[in-house]
Amino acid sequence: MKKILQKISSLILTAILIGSLLPAKADASFEIPGSCQVQTDTGAACNVKTLDYGYDHNTYYSLRDIAMALRDTDKAFSLEITKDAVSLVLGNTYTPVGVENVFWEDSENPDITLRRNKFQVSGQSVYYYTLITKLPSGYYDCFMMAADLAMILNADITVPTAGSLQIHTEEPFHISPAALEQAGYFYGVNSVLVGDATTGEIYYRYQSDTPYPIASTSKLMTCLLTMDALAAGQLTLEQSVTISDAVQLLSDSADGGIPLEAGQQITVQDLLLGALLPSSNECALCLAESIAGSEEAFVRMMNEKATELGLTQAVFFNSHGLPSYTEDPIPSKRQNRMSAEDMFRLVSYLLKVYPQITDITSREYATLSTLELEVRNTNPLLHNLPEVTGLKTGTTNKAGACLVTSLTADDGNTEHDLVVIVLGTEDSIERGRVSGLLARYALYTFYSGIEEPENGGAAQTAENLPVHAEAAVDWILRTAKKQEQASLPIE
């Protein structure tokens, strides 16, 4: 067993936690200018402008100021910032414009929107949410969360004292999910699970045995049954099917994504692409009708397959994951539900039996040839990590923002599928950040292992998985040493 000492980044624990706490104000639609002292391990401390977005301590940091602080270190980067785009080049020397490392030039609260501005890192498009503001000097500056910047720079950041950051340029970025849990970071998440789908080994889990609504991640079961139908020769990818009135009705609704008309012909291949990449509800429904004759019959197949795979917490009401209403005079509103552990079992089976599914889910874009329509994958991590191969996003009001992520890793003998399941974050911003953090943790754990917990512990394996390890993996997978964290009030 390989043990390595893992240093927990207190900045990540603190900054991420504060951003996930319940708001201290009932209504906050402004940005709070501030500053902090940032120090590198090779230079003196300097002032960095900050913006607390909407709430105290929901802090975003000036990229120009940090670029200046890192200018003579191994983590140096250059910047070009316009009103809606950022280009960051790692390894380049930053050219100052005269606004760096000084306090705010006026005291008014800037009016900025947190958004996914165009962002490139060394020429590659990435997906992070940022604030871009025009300073009174006329130059634009970009503000982003410390956790996101730490992931981009692959640098460890700590908080030595209140109101200060230290960037350790020679230490790689890493986290401990258990320490995040202890600090309260997952209070705003329904459940998470990180594991190796190839071996069935679970690296970390939080509330993973409780069923929650799963929104469009339901389409992974629809995809599995579609692959079963293809394998049985019931369908072919090139086969054209006819759009029904029900599919058109869903397409025309507020939850429609791809325009489809009754009587129109579309291939099974395009339906799969449409269901998995842009998360088309109408494509999922059309697949269900093509396989089972009706969605009702298909839902029975979904629940039967869940039972077959040992998904004890799973229940399906439709093929796509939208809310489903009963026909009662006072209708009940139901949603497909599943625990994170059941989702891990489902995904493990899907990747084991039909590994070619990632040929679809790893695409950032695709063209639906039948419709001559280009569609985009809704998974943000495809842009941020080269190891990501899928799998599926999902969002409803009840389910929150969900993401099931698959990644490839190679131990030198076998290629493994790592899986990160995040259910029920507040919004797509947090969904991407939580999933990004845990995806990096999954890769770090796979390649390096982590230190044995102080209170003991052993590797966990989900029971009754439909896949089995090719070889035993002797890692202790739960977390490292606990660090004392400052207590934070939660309202």
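In whole Å, largest first, what are the principal axis extents of the Cα atoms in region 99-205?
56, 34, 32
Cα convex hull of region 33-123: how many Å³ per residue?
Output value, Cα hull per residue: 108 Å³.
Distance check, please: which entries in Lys49/Lys118; Lys219/Lys398; Lys49/Lys398 exceed 27 angstrom between their Cα atoms? Could you put the intermediate results ahead of the total?
Details: Lys49/Lys118 22 Å; Lys219/Lys398 17 Å; Lys49/Lys398 37 Å.
Over 27 Å Cα-Cα: Lys49/Lys398.
Report the equivalent ellipsoid semi-axes for region 261-363 in whole Å, largest first, defined as the square roots of five times the eigenvalues of the gyration tensor built from alpha carbon atoms. Walk me through the numbers on the way to the answer.
Working: eigenvalues 100, 88, 29 Å².
Equivalent ellipsoid semi-axes, largest first: 22, 21, 12 Å.
With viscosity set to 1.567 mPa s and temperature to 4 °C, compute the Stokes-Einstein D of region 132-185, Rh being the Kirkwood radius across alpha carbon pairs; µm²/s, no decimals.
It diffuses with D of about 98 µm²/s by this estimate.
For the ranges 404-416, 264-276, what's the packing order if you count other beta-carbon atoms within 10 Å of each residue, average per peptide, and put the highest first? Could the numbers behind the result be given before it?
Values: 404-416: 16.9, 264-276: 23.4.
Ranked from most to least packed, the peptides come out as 264-276, 404-416.
Would you please give the residues with an amide H less than 5 Å from that of Leu368, counting only those at least 5 places away or on a separate chain, with H modeled from the backbone geometry?
Leu373, Glu374, Val375
Starting from the exponent 0.38 and prefactor 2.2 Å, build the expected Rg for region 233-281 from its residue count and divide its actual Cα Rg by it.
1.12
Please give me the summed charge of the neighbours of Leu403: other residues whose Cβ is under 9 Å from its Cβ, Lys and Arg +1, Asp and Glu -1.
Spelling it out: positives minus negatives among the neighbours equals +2.
All of the numbers you see were taken from the coordinates with simple rules; none came from a lab. Nothing here was measured: the structure is a model prediction, and the numbers come from that model. Neighbour counts are summed over all protein chains in view; Cβ atoms, including those assigned to glycine, are modelled from backbone coordinates with ideal geometry.
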